[in-house]
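Quick note: the coordinates plus some simple rules give every number you see, no bench work behind them. This one's a predicted model, so the numbers in the text were calculated from it and none came from an experiment. Cβ: placed from backbone, ideal geometry, glycine included. Neighbour counts: every protein chain shown.
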Amino acid sequence: MQGSTLFKAYKGFQGLNRNLYLCAMAGNTFGEIFRLTSFGESHGKAIGGIVDGCPAGLPISEDFIQKQLNRRKPGQSRITTQRKESDDLEILSGVFEGMSLGTPIGFILKNKDAKSKDYDHLKSAYRPSHADFTYQVKYGIRDHRGGGRSSARETACRVVGGAIAMQILESLGLRVRAYVSSVGTVKISDRKLDLTKIDDSIVRCPDPETAERMIDSIEKARKEGNTLGGVIKCLIERVPAGWGEPVFDRIEADLAKAMMSINAVKGFSIGSGFSGASMKGSDHNDIFDSEDGNIRTITNHSGGVQGGITNGMDIHFSVAFKPVATLLRKQKSVNPEGEKIELEGRGRHDPCVVPRAVPIVESMASLVLVDHYLRNRSAKLNP
Ligand SMILES: Cc1cc2nc3c(=O)[nH]c(=O)nc-3n(C[C@H](O)[C@H](O)[C@H](O)COP(=O)(O)O)c2cc1C
């Protein structure tokens, strides 16, 4: 649709919605049995959520949840936004003497370092490729401060839910790890990686030499008032065969939804992904093998999933993040009246979000896996 047509459509909607700010905001809950609901805006009093469907009797380590939050929090290094949020976790319910009660787990994280004045200019401007325009069209009202609900501040709630889910997975022997595999044009090579080194560098790339080049390119982009995108790879090890609900809730479909629901994500691929499209079947097929009666495959182009169900091999997928929208330089845009304006770049922003998004990817993957573990328990009468 052309810009002007888009604007007319918006004005039409605005007319219909006048004095009617009653539209409910759906889409804030994720999962079928293990469910996370999140609430909050970037500069409101707090963000938080409810994890419902967590089975009773899980020892819950708040230290582990806090560790994951610290990996996501702003201000953690020189290559992230300088907003300082301690993101101290407060669990309000559902946990007693360190153990889940089976009741809803409520939690909040207070917003302490909101500098809302820095965002006044966004009351009357739409940032190109951000969510200002679309939120305004949809609701007829928006909290412009720090991006409101569209801010990735919300993803801290996913990290809390995901860290609880990850503790269930770890008790079952699974391991979920993500790392940065590219930033802009700087890419990690395919040689064997030591994934214990992910957090050795502030960019969360396990190859030290590539990590340094990534950091340099982020610092250069920041100096230019620009942003960079990148790719995160995720590996889930020791997944039992048999998880996933064909046909609409294939496990890769749920992973795709989980990843595509993260702010700034523009691509998801599992296993051979798009590169599989140019291979021959004879090269792509994962040939079965067995060792001591255990069936496995020699290659893993399927990414650990066949027919929407895990096959017992590692799940591996990639998530592509765009260069985020807010540039600390002037850009052309429009105001809500449709007049052309020049937008200033102000506020505190990430020059590249991928290092902070690593725990978010791990968290969303864990939410999907735990949900499918619980759903699979009703798959057949005889185990
Ligand atoms: C960890 C993280 C931090 C982010 N920080 C910023 C930021 O500082 N500035 C910005 O413009 N967008 C940032 N984003 C992206 C926006 O939240 C996102 O682009 C916006 O909500 C519009 O959604 P879309 O890009 O998915 O269409 C961040 C995303 C993530 C995952």
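The charge dipole of the chain, taken about its Cα centre with unit charges on the Cβ atoms of Lys, Arg (+1), Asp and Glu (-1) only, comes to about 1640 debye. Taking the Cα atoms only, what angle lies between the long axis of helix 251-260 and the longest principal axis of the chain, rounded to 10 degrees? Helix 251-260 and the main axis of the chain meet at about 20 degrees.
Could you list the GluC sites (Glu not before Pro) in the range 38-123 that lie in coil according to DSSP, counting only those with at most 14 other Cβ atoms within 10 Å of their Cβ?
Glu97
Taking the fewest neighbouring Cβ atoms within 10 Å as the starting point, the ordered list for Arg72, Arg35, Arg346 is Arg346, Arg35, Arg72.
Straight-line reach from Lys192: which lysines have a Cα under 17 Å away, not including same-chain ones fewer than 8 places off? Excluding near neighbours in sequence, the set is Lys233. In the range 13-376, taking the dipole from charged Cβ atoms about the Cα centre, the farthest positive-side position among Gly244, Thr80, Ser124 is held by Ser124. Computed over the Cα atoms of the chain, pair by distinct pair, the Kirkwood hydrodynamic radius stands at 22.3 angstrom. Any idea how far the Cα center of the range 218-283 sits from the one of the range 123-142, in Å? So the separation of the two Cα centres works out to 28 Å. Dividing the summed -39500 (n - 2.57) terms of all DSSP H runs of n ≥ 4 by the residue count of the chain sets its mean residue ellipticity at 222 nm at -8500 deg cm²/dmol. For the range 245-313, the calculated P(r), taken from all Cα-Cα distances in 5 Å bins from zero up to the bin holding the longest distance, is 4, 15, 21, 21, 20, 12, 5, 2, 1 percent. Checking the Cα-Cα distances for Lys112/Lys332; Lys73/Lys187; Lys67/Lys138; Lys266/Lys380 against a 29 Å cut-off, the pairs over it are Lys112/Lys332; Lys67/Lys138; Lys266/Lys380.
The string of couplings for the range 65-78 from the Karplus curve (6.51, -1.76, 1.60, θ = phi - 60°) is 4, 5, 4, 5, 4, 5, 6, 9, 5, x, x, 7, 7, 6 Hz, one whole number per residue in order, with x for Gly and Pro. Note on the range 163-208 and the range 357-383: Cα centroid distance 19 Å, given to the nearest whole angstrom. For Val334, the amide hydrogen comes within under 5 Å of the amide hydrogens of Tyr126, Ile341, counting only partners 5 or more places away or on other chains and with H modelled in the peptide plane. Scalar couplings 3J(HN,Hα) for the range 102-117, obtained by applying the Karplus form with A = 6.51, B = -1.76, C = 1.60 to θ = phi - 60°, are x, 9, x, 9, x, 8, 9, 10, 6, 8, 10, 10, 7, 10, 4, 4 Hz; x denotes Gly and Pro. Taking Lys and Arg as +1 and Asp and Glu as -1, the other residues whose beta-carbon sits under 9 Å from that of Ala46 total +1.
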